Ligand code: ARG
C-alpha cells in the first residue's frame, strides 16, 4: 500500500489519520470473512437502532426512514449475492455503512449516532447465536425421535450389556438407545438454558460507557426480541460468557454424539457384527474390495475434538482480558460459528445413522448369552431362594463360573449335580434365571432394562417429543 496517501485512510477515522494502514495491518485486522455470516443480524440490529433514533427525536423520522430503506436494499443485495465484500473494509459493520453512504448519501452518517461497533458486534453475535441454538435444539429433538422409534422396534432385543467393555449383564437394545435419549435431553436443556441467559440486549452500551443521547434501550431490546437491555454498559460490550456457555454445552453434546458414534462403530465392526449400515451410510475401500466402513460415525466421533478445541480457544482468548472491549474479542466468532455448523452436521448425520442402522437380533441374543452374563442372576437366586447373603452367593456363583469355564461351557449347560457339588441348596428352578432373555425381562425396577420398563419410557418420550 502506498504511504502518505490520505485518500486511502479509513473514512471512519480519517480525521485523525494521515497515512493508510499497511497491507499486513489490514490482513490481521480484517474479520469480514468471518463476520459476513452475520450480515443479516447486522442489518436487523441497525434497523432497530435507527427506528429508535427516529422515535426518540435524536434524528428526524424522515431520516430514519431513508436509512431504513437503504438498509433493506443492502439486505436484498446481500441475499442476492450482489454485495461486494473486501478486506479493505475490515468488518461487516463497515461494509454496511460504506454501502449505505453510496446508496443514500451523507445522511447515512447518522446511523452510527449513539452506538459503537462494540455494542453493535455483540448484539449481532447474540442474535446469530440465539437462532443457531434454537435450531440445534430442534435437531436434538429430531435425533431423539429417531432413537425412540428404533428403541420401540428393538425394545425386547437383547445384547450383552458391558462394563469395562467386558460382558456384564444382558440388556435390551431399546434400553440402550433410550440412554442416549436421556443424555440428549440434558443437552437440549443446556443449550436452551444458554439461550435464555444470552437473551439480553447490549445495544446502547455504545463504546463502553453508555451515551449522552436520550436513547430508549427498552425499545431496541424489545424490537430485537431480547428480554431486557443489559444493565451494565461495560459488561454489555466485554462479556462473552454467553458464547462460552453455548460452546461448553456444545462440547458436552458432542461428547454424547461421539459415544453413540463409537458404539455404532463397535456394533458394525467385523468381529462383533451386531449391526450393519446400508450403502447410504457406508464407504468402501480403494484397495480392499470387501470393506464396508462406518466413516460417518467415525467422523461424528472425531468432530468432538474440533468442538472441544473451539471451547478451549475462546476460553484462552478471554482469559485475563481487562474491561472493556479489546480487539482480542474479534477472535470470538470463528470458534462459535464453526461449532454451530459442526454440531448442525453431526446432529443431522447422527439422525440419519440411527434411522439407517440395521441390527441383527439373533447375533445380539447369542452374544448376550455368552460371557457368563447371568452370573449375577444366579447369585440373586441363591439370596432369594436359598437364604444366602449376597457375599456368600457371589462366592458360590464365582465358583460355578470357574467350573463352567474349565469345562468350556456356559453356566446353563452345567448339570444340576455339578452345581449341587458346590451348593447343595441349588434346585432345578435355577435354570430359569440362567436364560439371558429372562435375565433382561426380570430387571423391572424403575429405569431398568426389562421390556416392560422400556415401554414405559418409550411412552413417556412419545408424549414429550
Ligand atoms: N470487527 C470487530 C469485532 O468483531 C468489531 C468491533 C470493533 N471495535 C473496535 N473497537 N475496534 O470485534
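The values are calculated or read from the model by the stated rules, or taken from the named source; none is laboratory data. Remember, it's a predicted structure, so these values are computed and weren't measured experimentally. Every residue, glycine among them, receives a Cβ derived from its backbone with ideal geometry; neighbour counts consider all protein chains shown.
Given the residues 106, 11, which is the only one that is over 33 Å from the mean Cα position of the chain (by Cα), farther than 26 Å from residue 339 by Cα and within 16 Å of the ligand (Cβ to nearest atom)?
Numbers: 106 fails: within 16 Å of the ligand (Cβ to nearest atom).
Checking each option against the conditions leaves just 11.
Just give me the residues in segment 211-223 being away from the ligand (no atom under 16 Å from the Cβ) and more than 14 Å from residue 51 (Cα to Cα), in sequence order. Hits for segment 211-223 are 212, 213. Scanning segment 203-230 for residues that are in contact with a strand residue (DSSP E or B) (Cβ under 8 Å, 6 or more places away or on another chain), part of a loop (DSSP other than H, G, I, E, B) and closer than 25 Å to residue 191 by Cβ returns 203, 224, 226, 227, 230. Set side by side, the residues 305, 320 differ, and just one is farther than 25 Å from residue 202 by Cβ, free of Cβ contacts under 8 Å to residues at least 12 places away in the same chain, more than 16 Å from the ligand (Cβ to nearest atom) and surrounded by fewer than 20 Cβ atoms within 10 Å (Cβ to Cβ), which is 305. Only one entry of 197, 145 meets the criterion of being touching a residue at least 12 places away in the same chain (Cβ under 8 Å), assigned to a helix (DSSP H, G or I), away from the ligand (no atom under 16 Å from the Cβ) and surrounded by fewer than 16 Cβ atoms within 10 Å (Cβ to Cβ), and that entry is 197.
Given the options 75, 69, 120, name the one that is exposed (fewer than 15 other Cβ atoms within 10 Å of the Cβ), closer than 30 Å to residue 210 by Cβ, touching a helix residue (DSSP H, G or I) at 6+ places or on another chain (Cβ under 8 Å) and touching a residue at least 24 places away in the same chain (Cβ under 8 Å). Among 75, 69, 120, only 69 is exposed (fewer than 15 other Cβ atoms within 10 Å of the Cβ), closer than 30 Å to residue 210 by Cβ, touching a helix residue (DSSP H, G or I) at 6+ places or on another chain (Cβ under 8 Å) and touching a residue at least 24 places away in the same chain (Cβ under 8 Å).
Taken as a whole, segment 127-141 holds at least one residue that is within 16 Å of the ligand (Cβ to nearest atom), at pLDDT 95 or above and farther than 25 Å from residue 66 by Cα.
Condition (residue is away from the ligand (no atom under 16 Å from the Cβ), out of contact with any strand residue (DSSP E or B) (no Cβ under 9 Å at 6 or more places or on another chain) and more than 27 Å from residue 236 (Cα to Cα)) applied to segment 41-52: is it met by at least one residue? Within segment 41-52, not a single residue is away from the ligand (no atom under 16 Å from the Cβ), out of contact with any strand residue (DSSP E or B) (no Cβ under 9 Å at 6 or more places or on another chain) and more than 27 Å from residue 236 (Cα to Cα).
From the list 444, 449, pick out the single residue that is in a loop (DSSP other than H, G, I, E, B) and touching a strand residue (DSSP E or B) at 6+ places or on another chain (Cβ under 8 Å).
Working: 444 fails: touching a strand residue (DSSP E or B) at 6+ places or on another chain (Cβ under 8 Å).
Only one candidate passes the filter, namely 449.
In segment 22-37, the residues that are away from the ligand (no atom under 12 Å from the Cβ) reach residues that are outside any helix (DSSP H, G or I) with C-beta atoms within less than 9 angstrom, at least six apart or across chains, in these pairs: 22/1; 22/3; 23/1; 25/1; 26/1; 26/20; 26/90. When segment 68-103 is filtered for residues that are over 17 Å from residue 48 (Cβ atoms), within 16 Å of the ligand (Cβ to nearest atom) and over 31 Å from the mean Cα position of the chain (by Cα), the ones remaining, listed by number, are 86, 87, 88, 89, 94, 95, 98. Six or more apart or on different chains, Cβ atoms under 6 Å: show the pairs whose first residue is in segment 326-337 and over 13 Å from residue 312 (Cα atoms) and without any contact (Cβ under 8 Å) to a residue 24 or more places away in the chain and whose second is in a helix (DSSP H, G or I) and more than 8 Å from the ligand (Cβ to nearest atom). Partner pairs satisfying both residue conditions: 328/317. Working only within segment 5-50, note down all residues that are in contact with a helix residue (DSSP H, G or I) (Cβ under 7 Å, 6 or more places away or on another chain) and farther than 20 Å from residue 92 by Cβ. Matches in segment 5-50: 18, 20.
Taking only segment 148-184 into account, find how many residues are in contact with a helix residue (DSSP H, G or I) (Cβ under 7 Å, 6 or more places away or on another chain) and either part of a loop (DSSP other than H, G, I, E, B) or closer than 30 Å to residue 226 by Cβ (or both).
Of segment 148-184, the ones in contact with a helix residue (DSSP H, G or I) (Cβ under 7 Å, 6 or more places away or on another chain) are 148, 150-152, 154-160, 169-175, 177-178, 180-181, 183-184.
Restricting the remaining residues to those that are either part of a loop (DSSP other than H, G, I, E, B) or closer than 30 Å to residue 226 by Cβ (or both) gives 154-157, 184.
Residues in segment 148-184 being in contact with a helix residue (DSSP H, G or I) (Cβ under 7 Å, 6 or more places away or on another chain) and either part of a loop (DSSP other than H, G, I, E, B) or closer than 30 Å to residue 226 by Cβ (or both): 5 in total.
Looking at segment 331-355, which of its residues are within 16 Å of the ligand (Cβ to nearest atom) and surrounded by fewer than 19 Cβ atoms within 10 Å (Cβ to Cβ)?
Taking segment 331-355 first, the residues within 16 Å of the ligand (Cβ to nearest atom) are 331-338.
331, 334, 338 - these are the residues of segment 331-355 that are within 16 Å of the ligand (Cβ to nearest atom) and surrounded by fewer than 19 Cβ atoms within 10 Å (Cβ to Cβ).
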